[in-house]
Amino acid sequence: MVNAGQRLNVSRVLKLSVVVPFYNVQTYAPDALKSLELNARDDFEFLLVDDCSTDGTPELLERAARELPGAVLLRHERNGGLATARNTGLDAVRGEYVTFLDGDDWLAPGHLARTLAVIEALSCDFVRNDHVQVTGRTRTVQRVPYGPQLVVGDPRAGILPSSRATSVDYPYAWAGMYHRRLLDRGLLHFTDGLRTAEDRPWIWRLHRGAESFAAVGLPGIFYRRGVATSLTQIKDERQLDFIKAFDQVLADTAEDRESDLLLPKAVRTYCAIIAHHIGSIERYEPAVAKKLRSMSTAALGRMPQDVLDQALNAMDADRAGVLRRLRRRPARAGAAL
């Protein structure tokens with residue numbers, strides 16, 4: 001459902017579209033919506049996507065659609081997950097630039113205007129912001145893992161080296177702003193149905209396909225950690241979509257013109273994520289833990305084995321040992337997603 005009253009002047013050119021999915025976040029949505037109000041401009045629109053919430057979130061969004069300048073309410077008839085909700089918003093954008101916010105996070109006043117001014121001044125395809133991680137009462141600034149700030153560069157330079165964290169390891173869609181030409185080229189949509197790690201294939205595709213980017217600092221996004229309803233906290237079968245997501249990263253990278261250069265980074269990152277999940281396997285439901293082991297073994301078997309050998313040899317002994325033991329397990333039928 002679209003709040004059609006907000007779409008009367010369809011010919012008007014807008015500067016910025018902000019896509020904001022919401023799902024059962026009635027405790028946090030007021031902060032997100034208030035922060036949008038403190039960022040509103042006449043040439044901004046806020047695409048509020050209700051992903052079939054079952055708590056009090058829909059009522060909050062209905063009020064925002066009436067009272068928040070530039071708000072457009074879009075509703076799903078069934079829950080589709082974060083990737084699908086973002087795509088619903090992307091399909092409706094009218095702005096020259098696009099950004100994202102999650103319904104349980106918030107923005108500093110004026111953050112969007114400051115970021116817009118910087119990306120316009122730099123005249124690049126996209127920029128990446130630092131952000132503030134909020135865990136309870138603790139706030140920590142998280143930096144984009146890319147060297148120079150406010151310097152336009154080749155997005156491919158943000159992928160390597162394999163041996164340390166780089167810009168593709170900072171996948172948060174909301175930590176940046178993107179020119180509409182990337183949307184028109186098919187670089188901003190997410191893989192429908194991915195329930196977690198949806199930003200991993202997305203950030204890799206963005207860095208391989210765009211022509212220019214910059215890291216710009218401006219840590220005006222406040223990202224809540226430890227939210228009970230977040231998929232980062234829920235250890236059920238939805239978490240296993242990280243395997244589907246990284247399989248897509250590997251498949252896409254294998255088709256790239258620089259696959260020989262980029263595949264070691266993709267494989268090493270995939271291995272690190274598998275080791276991370278196996279390292280917290282006791283938090284999973286028993287049936288999901290069993291499936292995680294078998295799917296991880298199958299995933300290691302699908303990787304280019306020579307590249308995997310190099311990745312394991314370069315990793316620390318503890319993680320490499322975990323992965324080598326998984327690799328030796330017999331693969332089970334039906335382990336792939």
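The values are calculated or read from the model by the stated rules, or taken from the named source; none is laboratory data. No experiment lies behind these values; they were computed from the predicted model shown. So basically every Cβ, Gly included, is an ideal-geometry build from the backbone, and we count neighbours across all protein chains shown. Surface areas here come from the heavy atoms of the whole protein model, side chains and all, with no ligands, DNA or RNA. Shrake-Rupley method; radii C 1.70, N 1.55, O 1.52, S 1.80 Å.
A cut-off under 12 angstrom between Cβ atoms defines the neighbours of ALA32, and their net charge, with Lys, Arg +1 and Asp, Glu -1, is -3. Each peptide in 321-329, 262-270 was scored by the mean count of other Cβ atoms within 10 Å over its residues; highest first, the order is 262-270, 321-329. For semi-axes √(5λ) of the Cα gyration tensor in Å, the candidate list reads (i) 34, 24, 17; (ii) 41, 23, 18; (iii) 36, 27, 19; the entry that matches the value derived from this model is (i). Across the range 13-55, the residues whose backbone nitrogen lies under 17 Å from the label position 7 Å along the beta-carbon direction of ASP236 are 23-25, 51-55. Roll a 1.4 angstrom probe over the protein heavy atoms and tell me the percent of accessible area of the range 1-138 that is carbon or sulfur. Carbon plus sulfur share of accessible area: 49 percent. Between the helical axis of 317-328 and the dominant principal axis of the chain, each derived from Cα atoms, what acute angle in degrees is found, rounded to the nearest 10? Rounded to the nearest ten degrees, it is 70. Axis of helix 241-254 versus longest Cα principal axis of the chain: the two differ by about 80°, to the nearest ten degrees.
Scanning residues 5 or more positions from SER53 or on other chains, those with amide H under 5 Å from its amide H are ASN24, with H placed 1.01 Å from N in the peptide plane.
Where does each of 99-110, 132-143, 114-125 land if you order them by average Cβ count within 10 Å, highest first?
Values: 99-110: 21.9, 132-143: 11.9, 114-125: 17.1.
Highest-to-lowest ranking by the protection proxy: 99-110, 114-125, 132-143.
With R₀ set to 30 Å, the beta-carbon distance separating ARG329 from THR138 gives a calculated FRET efficiency near 0.20. FRET efficiency for the ILE281 to ASP154 pair, using the beta carbon distance and R₀ = 22 Å, is estimated at 0.05. Between GLU258 and ARG225, the modelled labels are 3.0 nm apart [label points 7 Å from Cα along Cα→Cβ]. Each helix, a run of at least 4 DSSP H residues, gives -39500 (n - 2.57); summed and divided by the residues of the chain, these come to -12000 deg cm²/dmol at 222 nm. Amide H contacts for GLY95 (H built 1.01 Å from N in the peptide plane; partners 5 or more residues away or on another chain; cut-off under 5 Å): SER17. Accessible surface calculations at 1.4 Å, restricted to protein heavy atoms, place the chain at 43 Å² per residue.
Contact order for the chain, expressed relative to its length and based on alpha carbon pairs under 8 Å spaced 6+ residues apart, stands at 16 percent.
Close amide H contacts of GLY176 (hydrogens built in the peptide plane, cut-off under 5 Å, sequence separation of 5 or more or a different chain): PHE100, ASN129.
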